[in-house]
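Q: Handing you a structure now.
The values are calculated or read from the model by the stated rules, or taken from the named source; none is laboratory data. In this text the structure is predicted, and so the values were computed from the model without any measurement. For neighbour counting, all protein chains shown are included, and Cβ atoms are generated from backbone atoms with ideal geometry for every residue, glycine included. Side chains are part of the model used for accessible areas, which takes the heavy atoms of the whole protein and leaves out ligands, DNA and RNA. Shrake-Rupley method; radii C 1.70, N 1.55, O 1.52, S 1.80 Å.
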Amino acid sequence: MTTTEVRELSGRARAMLRAVAAGRAELSGGREPDLYVDGLPCCDQSATHDLLRAGLLRPSAPAGFGQRVRAELTDEGRDALRTA
């Protein structure tokens with residue numbers, strides 16, 4: 001997926017976006033950030049990476065390796081969640 005190409009979201013991907021929208025999610029710093037929901041690592045890091053690459057979510061601020069910052073939806077992520 002790219003920022004211009006978003007395929008249909010799985011139920012898990014929609015749940016991940018809902019957790020981000022609810023302020024319950026963080027992203028770790030690093031080349032391939034990992035998603036944490038309610039302080040626990042998300043079970044599908046491949047989906048996290050796909051959502052990041054698609055431009056649907058992003059870290060709220062820069063994070064160093066091993067640090068976590070709040071995850072936030074992009075405008076495209078909010079649109080995808082509304083239409084999902």
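Q: Just give me the residues in segment 10-41 being buried (at least 21 other Cβ atoms within 10 Å of the Cβ) and among the hydrophobic types (A, V, I, L, M, F, W, C), in sequence order.
A: Ala13, Met16, Leu17, Val20, Ala25, Leu27, Leu35
Q: Does Leu57 count as surrounded by 11 or more Cβ atoms within 10 Å (Cβ to Cβ), at pLDDT 95 or above and of a type in the set (A, V, I, L, M)? Before the answer, list the steps.
A: On the way: surrounded by 11 or more Cβ atoms within 10 Å (Cβ to Cβ): yes; at pLDDT 95 or above: yes; of a type in the set (A, V, I, L, M): yes.
In short, yes.
Q: Quick one: Arg82 ticks every box in (1) modelled with pLDDT under 95; (2) under 9 Å from the mean Cα position of the chain (by Cα) except a single one, so which number is it?
A: Going through the list (1) modelled with pLDDT under 95; (2) under 9 Å from the mean Cα position of the chain (by Cα), Arg82 breaks only (2).
Q: Restricting to segment 60-73, name every residue that is open to solvent by less than 90 Å² (accessible area, probe 1.4 Å) and either more than 13 Å from Gly23 (Cα to Cα) or under 9 Å from the mean Cα position of the chain (by Cα) (or both). Let's see the steps before the verdict.
A: Let us first name the residues in segment 60-73 that are open to solvent by less than 90 Å² (accessible area, probe 1.4 Å), namely 60-61, 63-64, 66, 69, 71-73.
Once the filter is applied, which keeps residues that are open to solvent by less than 90 Å² (accessible area, probe 1.4 Å) and either more than 13 Å from Gly23 (Cα to Cα) or under 9 Å from the mean Cα position of the chain (by Cα) (or both), segment 60-73 yields Ala61, Ala63, Gly64, Gly66, Ala71, Glu72, Leu73.
Q: Right, another one. Pull out all pairs, ordered by first then second residue, where Cβ-Cβ is under 7 Å, the residues are six or more apart or on different chains, the first lies in segment 29-57 and is in contact (Cβ under 8 Å) with a residue 24 or more places away in the chain and part of a loop (DSSP other than H, G, I, E, B), and the second is of a type in the set (Ser, Thr, Tyr) and loosely packed, with under 15 Cβ neighbours inside 10 Å.
A: Sorted first by the residue in segment 29-57, then by its partner, the pairs are Ala54/Thr2; Ala54/Thr3; Gly55/Thr3.
Q: Could you grab me the full set of residues in segment 16-25 that are touching a strand residue (DSSP E or B) at 6+ places or on another chain (Cβ under 9 Å) and over 13 Å from Leu56 (Cβ atoms)? Let's see the steps before the verdict.
A: Initial filter on segment 16-25 (touching a strand residue (DSSP E or B) at 6+ places or on another chain (Cβ under 9 Å)): 16-17, 19-21, 23-25.
Of everything in segment 16-25, those that are touching a strand residue (DSSP E or B) at 6+ places or on another chain (Cβ under 9 Å) and over 13 Å from Leu56 (Cβ atoms) turn out to be Gly23, Arg24.
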